[in-house]
Structures are given as structure tokens and as C-alpha cells.
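This report concerns only the one structure given below.
Quick note: the coordinates plus some simple rules give every number you see, no bench work behind them. Since the model is a prediction, treat every value here as computed from it, not as a measurement. Cβ placement follows ideal geometry from the backbone for every residue including glycine, while neighbour counts extend to all protein chains displayed.
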Amino acid sequence: LKTILVVDDDTDVRTMVKFVLRQNKFKVLEAENGSRALALATARKPDLIISDVMMDNVNGFMLCELLRKEPSTAKIPIILVTGAAQNAGAWNSDGTVDYLQKPVSMSDLLLAVRKRL
Amino acid sequence: MISGHSKKKFTILAADDDARQLSLNSSALRNRGYSVLQATSRDECFELAAEQKPDVLLLGPKLSGITSMEILRQVKAKAELSDILVVLIFDPESTTGGNQRASGSEPDGRLMRPHSIDDLLGCMHSMERIRQAEERLRDMQEMFDRRVRERTAQLEVINDALQKEIAERQRSEERVTTSEVFFREVTENSSDMIIILNKRGVLTYVSPSVERFLGYLPEEMMGKASFRFIHRDDLERAMLDFSEAVQLKEIAIPNSFRVRHKDGSERLLEGLGKNLLKNPVISGFIMNVQDVTERRRIEEATRLFAHTLESIAELVTITDLEDRFTYVNKAFLDAYGYSREEILGQHVGVLWSPNNSDGLLIEILEQNRTQNWHGELLNRAKNGREFPISLHTSRIRNEKGEVVGLVGISQDITERKKAETRLRDSEAKYRDLVEQINEVIFSTDIEGKFTYISPTAEHLSGYKPEEMLGHSIAEFIDTQFLPMVQARYQNPDPGNLEPIEYRVKVKSGDYRWVRSSSSTILVGGRPAGMRGVLADITAQKEAQETVTLLSHAVKSVAECVSITDHRNIILFVNQAFLSTYGYTEKEMIGKHISLVAPGGEIVANVLEKTLQGSWQGELVNRKKDGTEFPIFLSTSVVQDEQGNAIALVGVATDITERKKIERELDLQKKHLQESYERLKQLEMARDTLFHMIVHDMRSRLFVLMMGLEFLEKNELKNIVPPSRKVLVQALSTTTTLSQMVNALLDISKMESGEMKLRLNGSNLAELAERLVSFYELQRENRRFVIEAPSKGLQIDCDADLVLRVMHNLFSNALKFTPPDGAITIRIARVDGGARVSVEDTGTGISPAHLPRIFEKFYQAEAKESSTGLGLTFCKLAIELHGGSLGADSVVGKGSTFWFTLPEAHEGSSRDFD
């Protein structure tokens, strides 16, 4: 069973994504902000991380940067999902960060997940 | 908050036919601390709105069966309710959606049912922010209005004070006018004397009037050589002339010499000599001599004042009592483009511009009868050009205090022109004054009848001597002077040699001024008649009048006029100068100009510039009491006929008030700028709010879409068939909503300049074909036509964006075109790029809506599934390409939406046409 860490400060979003992923036979971990996500990722080594961008504390971009600096998490693929109006920029330098814009359909999300796992 | 308003609780009036929704929303809002009123009918709603003045009206889809858009229109139409912010709750399943765009009123907020409590609260929070922003704007506006009112009041007070000061200045000026010493001196008269020389130049007769001329008694001079009294420099010329005159016979020779007065002073005498050596009675050389020192002085003074008026940059006019020009200076002629001949004698109305307010001309002319006038008005030059002038008028009085004319000083205030650097020589007009005076020698009997009159009388009077002999002198004298002359004859006093001046009527009917020096002829100790010399002094009299007029003009003007010599020593200042600076005349004359103008270097610089021609500029001057104030000074040099500088004229205006007003204007400009900055900050806050809302909407939509999609994919078989339709509808609405959010996001990106174009060579005709095939299923009986060059049209553009623009335009056209209509896509090459138009045969757009259709959320007609953002997106996307987008429409015939795309780079596009 593959493990996916879902990071979003919105409980509704986390609940829905968790539900859909579990229905599709994934194990799901949750974090409500970037620093909690960093701790979980280091401790549990998930196979994939799906993260929101605009969050208090540590945002999605900072989270990517911190994960890549830590050797044990450097290789985990990341999918950034954002609702922000501004452009995400080039967070795909090593080809391991995908970028989706909210609202993303269930099929598109699952497609992105399956591409990495 | 900068608001001073008392904090009123934010009140919401909720109105809805659906009582359950109403109470749900109300309790949610009350729980969040809002004050909530409820209404379940239209009438109740309007009553509560008028009574309680709620901040927000939250309207359900229908009220008393009326659609919320109609209620909104009625609320916005009532002036007393138009302040209320209106939020509409729409019901997607209800058909009311079709009436959403019935009128021009826009709700301040929208909610789509079903909405969560957070959505409702979020919406109300936005309304609170809008209300706060409105209040701040209102406060700022009030504050600004108040400041303008205060400033206006202050300026009125200043204006009153100024008016009083001007009136006071005029009163003091008029008091001084009658007691002028300098100019009375100028009007003093000279007299005549008769001398006889023998052929060696020795004086054999000197008339008694010599005492007034030269201070000698006749007996002190008789028997002496006339040349010893003549100035050394003129001596040689005098002797030569005399020896020449002795050779000639019976010829009158006019000449002038400088002669020493007994007190050592120098006098200029002009004599008219006649060789009567052969005459047995006279046997000498007889001369009528006049003292022309004064006349020369008057001529000099006339030239000075005429120069002064001709030199100054202000426009100077003198008008008579019928408001006709009798004098205008050079600056006036330059400004209006008339020649002197054209303007003299004209009524002042010839300059009048019809754009002045009615009755102003009458007001100025009426006021001038009794007092001075100062103000601004529009005048018109000869070529029709109109320009504003500032005008000061003052009345000119003669010696007796009677008003004889009006002097007007004006400035062209369109721009302060550099004064002409060269002065024009004062021409023929003043040279006329140097006219030769012809003496007439006469004698009469005791009754005043002429017994002898010299031939020169014809020159003066036009009568030949024989026409006058035997006639009484009284026949030729202007009747008003007759009593004076008759008194002479009735009381003949042999010792009285005082000359008298009167006017005689000449043959042509004109009058001429003469000065008569006469003495009584005694026969046997009894008076037997009179004999004397008449001199034509008309020119001198006219010169005196001119100098009086001009000097009064200079003295009367409201500007500060000063005349200084080439070392900056003050020679003359006018009354306005004295009252402005607080000095008396005695304290100023003979002093250096630095008395009033501190800063020696600047003053020296002004002097240097003025000596080269003229100078204009602003300076700081000092009054007697030490206060310093700004002036606008224009100076010019007065030259004599040889071009030597004889004086400098300065005209100064106190510009303290003007400076003050300039500072006020600066301050107001700063206030306006601050207001603008605050508004800009509010606008930025609104933008931030917008981004937050978009972000939150997308997260919620994400959840909603995932949930519904999951149900549709995995659970549809578990839902009873009639309910499946509900799920499909919900999913479709969610998709529309997400399109709307995406459009908002695109627009926001384009507005903030974050959208980057991906330019590729694209064939517009191929794009059009792809587009049309996409809509094939919805075609029905409509005709779809593509008109393009046979090989298509290749251009560099972002194909994705351009296709979306075409989708928007085409789907709009489809919505408004009836099933049997036609839609044409026309692609053509135009100068510098391509033009694409989408033409339909639909209902058309009314001229009232047409200019607004590219605004965000604007919808001209009610049609389903429209976001109101499509055209805004299209416009921004095309403008990002550097092209333009527009629409033409005729109601009932159809609309044409078109856009142009420019060539991106030269050579980068391939033209197949």
C-alpha cells in the first residue's frame, strides 16, 4: 500500500482528498501546515506529497525547498495544488514537482498521482 | 477608521418568500453579532428599509412573487434607499436566473444557493468593508469641502481689506494733486524784450523788461558791446552771424544764444533781428528777444514724460470725457495691432470683447465718472485675438481740479512679455513743439485801433497789415479775454510792462494764443496809444498742456513709478510709490535706489540690463518700516535724441497677494495628491480582498467538484433514477462555476501583467474551422460561414488564447442568433496585421448597452450559463497581443464583434495570401 501525505490548511479539502485517495486504495497521512508536514515526512517517509501552496507558517514553496535539502526526503515526488491567482513559477527544476490549479477534477488529480506511483 | 461617526451596529434586512431560508440565514447572522431585520413581503421589506435604514438588504430569489432583480431595481430607483447595499441570493434551479439581467441595476453582492454559512458571513464581511470604504470616502470629501469653504471666506476678507487700501490710496493721491510744486514751475511764463544795436554791435536801446530777463537795469547795458553778455562758446557764432546780418538788408534772422544773467546763471535767449541801419529813425539793428529757457525745459520735460509713457511695458491710454482715445502709448499699439491714426478718436468700445459679462462696459464707464476702477476684463486686438488684461483707471485733473480725462493703465496678463529692448525715438509729434515764433510789432491809438502792424502779422493771423489798420484790436481778441485787455487800455500805466496772454481769432476762424508785451505811448505826458510786441505762443501753450496731461497721467497711475538717473539716484517717484513704501517725497528724491531695494549686486545687475534697453522680473523690496515684500518690476531706459541714457524708468507692482495665492494653490495641490494616494491604497486593499476571495472560492470548488465527481463515477447506480438528474445538474453547475473562477483568474493575471504570451505562427483560418466544427451539434438550421484568404492567414499569436477569444465571441453569437439565422467569421489581412470578425443576424445590442459590454460582470441580455466575464477576458487577451477589440450592432439586424492582431515581428509571420 503506497502512502500519500496530504497538506492543506483547509479541513474540508483534506477530508475530501483523503476520502477519494482511500477509495482508490492509498494510505493517507494529513498535515494542516508546512512545518507539521515536514516533521511527518521526515518521520514517516511517504511515497508522495500533495500540498497546498498558500498556507500560514511554512508555505508550499518553502516546504518543497526544505524537503529537497533533507537527504531522506529529497527524492519524494511532490504535487503542488494551488488556488492562488499568481503564477507558481518554475518549481519543477528536477522534474519531481508537479503543479495543478484548483479546482482540479478528481480524474485529473488521480492521473497526476498515478503518473508518480 | 478616520470616521467621526458614532459606531452603529451593522444592520441587515433579510427578505425572502421562503420562511425557512429566511430564519436560517437570520439566526446565522445574529449569531455572528449582526443586527437582523426580517421581511416576508415586498411592502414589509420597503417599509422596514425606509424606517430602519439597514446597511445591507439580503434578498432571496423571490419576494411576494416578484424576482429579486426587479426588487433591486425598485430599491435603487428610490433615492432614500439607494445607499443600501443589496445582496441577491440566486437559485440555480429556479427559472429566475433567466431574468437576472432585466435592468441596468447591479447588486452589490451575489450568493448562489445553496450557500454555506461561511459564504453568507464572508459576503456580509465584504459588505462591511465596502460600507467602511464608502464612509471613509464620504469623510474625506466633507473634509475637503470644508477646507474649500474656509479658504474662500479668508480670501474674501483679504479682498475687502485690499479694496479699502486702494480707496485710501486714491484719496491721499487726490489731496496732493493740486499742490504740486515741480510742475507749476514748468508752467511759468517768459516775457519779451526789444534791443537795438548799432553797426558795431553796441547796445543803443534796451527795453525795461531786460531786468526780468537778465537782472540788469537798461542803463547798465546801454552803450556796452552786446557780445560781452553772450556765453563764450556761442560768441564766435554770434559775431559771425551779426557781421553777416549787417551786410544784408531788411531781412529777419532768427537765432538763439546763451546769455549770462546778472546772478551768473545761464539763460537761453532767442532773438529775431532786423537790419534797420538805413532807417533814419532807428539807424540800428533791432531785435525782439525772448527767453526760451523755460520753453526748452518744457520741451525736455515733455520728452521725458512722453518717453516714460512710451517706454513702459504697461499699456497706457488717455481718453477724453466722451471715452475717446486722445493718447495711447507704444505698448498699447503693439498689443492691439492698431496704428496711432486708426485708434485716436475712437471710442474705447472698439476694443471690447463680446465675451465679457453683460453690462461690465457700462459699469466701468459709469464708475470712471466718479471714481477709479480696477479689475480684469477681456479685450480684443485688431486681428480679433482676445486676451485678458488687468486695468487700472484714474481721472486726470487740470490745475483747477476739474476732471479733463481718464488715464488707463493695463497689462496683458496672458503672458508677461519681455519689454522691447530698444526705445523708439519720439517722433514728429513732439518736434512740432519746436516751432519758430514770429513776433508781431504793433501800435494803436488810445481807442485801440491799429496805427501800425508789422507784416509778420499775416503769418500769425492770416490778415494782411492793411486789412487790420484802422480796426480795433478788440475785434481780433477772443471775447473771454476782452475785459483783461480793455483794462489795460482803460488804466494805462506807463510802468506796467507785465506781458499778458490771451487768445486771438485768426482769419481761418481758429484761435491762437499770443503773449503781448505792450507799453503806453505818451504824447506830451498824456497817454496817446499803445505799442508792443505780440508773440505766437500757441505751440508753447499746447506743450504746457501736454506736459500737464502726461505728468498727471504718470502721477495718477496705481503702479509705483520711479525715475532714476544712470547712477540709480532717485529723481522722481509718484504718489503710488510713496504710499506703498511709506516715505515722503523729500525722503526719497536724491537718494540711492538701494534705500528701497536691498541686495546691491542684484540692483547693479538690473541697472546694467536696463541701460542696455530694459529689464523685467521679480525682486524683494523694503518699505520704510522695514517690512520686505515682493514686487514685479519692469524698467526701461529713456534716451535723448543722440541716444544717450538720460533717465531710467521703473514701474513696480506689489505682488504680495499674488505670491500668497500661488502658495495656497501649491498647498491645495498637495491635499489633492494626498487624497489620490489614499484612494489608491483603498483600491489596493480591494485587489487584495479580491485575490483572497478567488483563492478561497477555488479551494471550496475543489472540494465540491471532487465530491460530486466521486458520486457520479462510483455511486450513480445506487441512486434512484429520478435523483440522478439532480446530481448531474449539480456537477454541471459546479463546472460552470469553476469556469467562471478560471476566467476571473485569467482576467486578474492579465490585469496585473502576469500573463505571458506563447507566440507561435498560427493559421487563423484553421483555428476558425476547428471552432466551427466544435459547434456543429448546436447548429440546428443556422448557416455557419467562414470567409478567409484561400491559403489561410498565418500570424504570430498565442493560439490557445486567440481560440478562447473566438470561442467566446462565437458562443455569444450563437446565443443571440435565431435557429434560421447565420453566423459569419471573416478573416482578412489589414494594414500591419490581421482582422477577425464574428457577425451574426441576431437580436443586436441597444446603443445604451453597447459601450458597457466589455465591463466585468456586465450582461446586456438575459441568457443562460453566462459568467459576464467572457468579453472582459477577450478584450484583455487581445490587448495583451497589442491588438484591439470592438463591437458594432444594430438592434433587430445583428451584431459584429471584431478584433485585430498586429504583426508580432517583422518577417516572423508567413503570408500565404
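The length gained by stretching the chain between B:SER723 and B:ILE66 to full extension, at 0.36 nm per residue less their Cα-Cα distance, is 233.6 nm. Pull out a ≥ b ≥ c, the square roots of the eigenvalues of the alpha-carbon gyration tensor of segment B:797-842, then state rounded if a/c is under 1.5, prolate if not and a/b is larger than b/c, and oblate in the remaining case. Oblate shape, in that a/c is at least 1.5 and b/c is the bigger or equal ratio.
Would you mind pulling out the separation of the Cα centroids of segment B:777-800 and segment B:590-647, in Å? Segment B:777-800 and segment B:590-647 have Cα centres separated by 80 Å. When a/c reaches 1.5 or more, the comparison of a/b and b/c decides; with that in mind, is segment B:597-740 rounded, prolate or oblate per its Cα gyration tensor? Note, shape of segment B:597-740 comes out prolate. Model label sites at B:SER283 and B:ASP334, defined 7 Å from Cα along the beta-carbon direction, differ in position by 6.6 nm.
Residues B:SER353, A:SER107 in ascending order of nearby Cβ atoms (within 10 Å, fewest first): A:SER107, B:SER353.
Residue separation of B:ALA167 and B:LYS893 scaled by 0.36 nm, minus their Cα-Cα distance, works out to 254.0 nm of gained length. Taking 56 Å as R0, compute the FRET efficiency from the Cβ-Cβ separation of B:ARG131 and A:LYS115 and round it to 0.05. Efficiency computed from Cβ-Cβ geometry: 0.70. Taking chain A as a Gaussian network of alpha-carbon nodes connected by springs under 10 Å, the highest mean-square fluctuation of the residues A:VAL58, A:VAL28, A:VAL104 belongs to A:VAL104. Counting Cβ atoms of other protein chains within 10 Å of each residue's Cβ and taking the mean over peptide A:102-113 gives 5. Neighbouring Cβ atoms from other chains, within 10 Å of the Cβ of residues in B:747-756, number 1 on average. Based on alpha-carbon centroids, what's the gap between segment B:696-735 and segment A:1-70 in Å, whole number please? Cα centroid of segment B:696-735 versus Cα centroid of segment A:1-70: 25 Å apart. Report the far tail of the P(r) of the protein assembly as shown, meaning the percent of Cα-Cα pairs longer than 44 Å. Roughly 63 percent, once rounded to a whole number. Based on C-alpha pairs under 8 angstrom that are at least 6 apart in sequence, chain A has a relative contact order of 23 percent. For chain B, a/c is not less than 1.5, where a ≥ b ≥ c are the root eigenvalues of the C-alpha gyration tensor, and a/b tops b/c. That puts it in the prolate class.
Scanning chain B for DSSP H helices at least 20 Å long along the axis (C-alpha atoms) with a Kyte-Doolittle mean no lower than -1.0 picks out B:232-247, B:538-556, B:656-710, B:721-751, B:799-816. Going from the residue with the fewest nearby Cβ atoms within 10 Å to the one with the most, B:ASP687, B:ASP83, B:ASP108 rank B:ASP83, B:ASP687, B:ASP108. With both residues required to sit in the protein assembly as shown, DSSP beta bridges show an antiparallel share near 75%. Each Lys and Arg adds +1 at its Cβ and each Asp and Glu adds -1 at its Cβ; summed about the Cα centre, segment A:1-67 shows a dipole of about 560 debye. Counting, for every residue in B:691-698, the Cβ atoms of other protein chains within 10 Å of its Cβ and taking the mean gives 4. Only Lys, Arg, Asp and Glu carry charge here, each on its Cβ (+1 for the first two, -1 for the last two); on that basis chain B has a dipole of about 1060 debye about its Cα centre.
Towards the positive end of the charge dipole of the protein assembly as shown, with charges on Cβ (+1 Lys, Arg; -1 Asp, Glu), say which of B:LEU578, B:THR843, B:GLY345 has the farthest Cα. The residue sitting farthest along the positive end of the dipole is B:THR843. If you take the Cα centroid of segment B:52-72 and the Cα centroid of segment B:502-573, the two points sit 96 Å apart. Ordered by the count of other Cβ atoms within 10 Å of each Cβ, fewest first, B:PHE442, B:PHE702 give B:PHE442, B:PHE702.
The packing ranking, built from the mean of other Cβ atoms within 10 Å per residue, places the peptides B:325-332, A:66-73 in the order B:325-332, A:66-73, highest first. Taking every C-alpha pair closer than 8 Å and separated by at least 6 residues, the mean separation divided by the residue count of chain B gives a relative contact order of 6 percent. Rounded to the nearest 20, the size of the Cβ-charge dipole of the protein assembly as shown about its Cα centre is 2900 debye, with Lys and Arg at +1 and Asp and Glu at -1. Annotation: extensible slack from B:GLU674 through B:GLN642 equals 5.4 nm (criterion: 0.36 nm per residue apart, minus Cα-Cα distance).
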